[in-house]
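The values are calculated or read from the model by the stated rules, or taken from the named source; none is laboratory data. The shown structure was predicted, so the numbers you read here are calculated from the model rather than taken from an experiment. Cβ coordinates were reconstructed from backbone atoms using ideal geometry, including for glycine residues, and neighbour counts include every protein chain displayed.
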Amino acid sequence: MTDIPLEVRSPKRRLGDLTFGATARGAGLLILLALAGVAVFLTLKGLPALGAKSADLDAHANFAAYVWPLVYGTLISAALALLVATPLAIGVALVVSHYAPRRMATALGYLIDLLAAVPSVVYGLWGIGFLSPKLVPIYEWLADHVGWIPLFKGPASTTGRTILTASIVLAIMILPIVTAISREVFLQTPRLQQEAALALGATRWETIRLAVFPYARSGIVSAVMLGLGRAMGETMAVAMVLSASGIVSVNLISSTNPSTIAANIALKFPESSGLSVNALILSGLVLFVITFVVNFAARAIVSRREVSR
């Protein structure tokens, strides 16, 4: 057998590489153990709520009837927040990465990132004290002129504390996340692809549409899903802004609104006891499962697009 030349032999791994690899694997394992621990705790503490009576479930016949309005409110508020925030976030990210001068883009990027540092309770106070009263005339106009649409049937809320207001607050809260990730993905688009499109006579918008968006599609999906997870799990801002009635309704501007799982837990946990606590914990497990499914689906979409490139 011929000897393997020294230059092609596999290099000996250094102690720093081994230490870093072991630390990274340990961190990943720790995260998995933490998630498993949370799931086990929520399951063990929440299962007794399946046999709870109506008195422990806010006069609902069973746990399914109790949690369904909360799931509906969580999903509809998060979906409305994404509907508002996603186009705005992508537009701001494009301005920062491709349109604005460097100094302006830097300042605008810092300003957007600063929104992520604002506590949720501040957003809640802003929603109650400023946004809600400003939206009352708009809700009244919608009820008077397009009330034939079930979404705006009315009667309009006199306080403005509706599911639509809560969704707008959530949209502002998730805006920094979606914007920051989209901006970084846009900046990573290979310069040669953009220059090739410009050389072929494409306008700036056509270059973005043909070269930037296809490359950044998986990153945009990831940003949107992270924003969705933040919107579904937000607690204090929604609890402060939303005037919840615990019903299922498609009317977005009335004073009777569905609550969300996180807000319901925050508002009722301090005064609950017995099986009512178990019901709140089991509803937390439902939110945990929904968030896991959303993140798993997002990861599957991203992986599929990376393979198809």
Q: Within the stretch 116-158, track down each residue that is small (Gly, Ala, Ser), part of a helix (DSSP H, G or I) and in contact with a Gly (Cβ under 6 Å, 6 or more places away or on another chain).
A: Ser132, Ala143
Q. Would you call Leu192 more than 25 Å from the chain's Cα centre (by Cα) and surrounded by 20 or more Cβ atoms within 10 Å (Cβ to Cβ)?
A. no
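Within the stretch 101-113, is even one residue among the acidic types (Asp, Glu), outside any helix (DSSP H, G or I) and surrounded by 13 or more Cβ atoms within 10 Å (Cβ to Cβ)? Explain how you work it out, then say what you get.
Residues of the stretch 101-113 among the acidic types (Asp, Glu): 113.
The next check asks that each one be outside any helix (DSSP H, G or I); those that pass are none.
No: the stretch 101-113 contains no residue that is among the acidic types (Asp, Glu), outside any helix (DSSP H, G or I) and surrounded by 13 or more Cβ atoms within 10 Å (Cβ to Cβ).
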Q | Boolean, Ala93 is in contact with a Phe, Trp or Tyr (Cβ under 9 Å, 6 or more places away or on another chain) and buried (at least 21 other Cβ atoms within 10 Å of the Cβ) | A | yes
(Q) For the stretch 249-262, give me the residue count where each residue is modelled with pLDDT under 85 and part of a helix (DSSP H, G or I). (A) 0
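Can Ala300 be described as in a helix (DSSP H, G or I), under 18 Å from the mean Cα position of the chain (by Cα), buried (at least 17 other Cβ atoms within 10 Å of the Cβ) and not polar (S, T, N, Q)?
no
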(Q) For the list (1) free of Cβ contacts under 8 Å to residues at least 60 places away in the same chain; (2) in contact with a helix residue (DSSP H, G or I) (Cβ under 7 Å, 6 or more places away or on another chain), I need the number of the one condition that Tyr66 fails. (A) (1)
Q: Give the residues of the stretch 231-240 that are crowded, with 20+ Cβ neighbours inside 10 Å and either within 18 Å of the chain's Cα centre (by Cα) or closer than 17 Å to His60 by Cβ (or both), sorted by residue number.
A: Ala231, Met232, Glu234, Ala237, Val238, Ala239
**Q.** Residue among Ser259, Ser249, Ser243, Ser273 that alone is polar (S, T, N, Q) and within 20 Å of the chain's Cα centre (by Cα)
**A.** Ser259
Q: Check whether at least one residue in the stretch 260-276 is over 14 Å from Val67 (Cβ atoms) and surrounded by 24 or more Cβ atoms within 10 Å (Cβ to Cβ), and report yes or no.
A: no
Q. In the stretch 140-158, which residue that is at pLDDT below 90 and aromatic (Phe, Trp, Tyr) is surrounded by the most Cβ atoms within 10 Å (Cβ to Cβ)?
A. Phe152
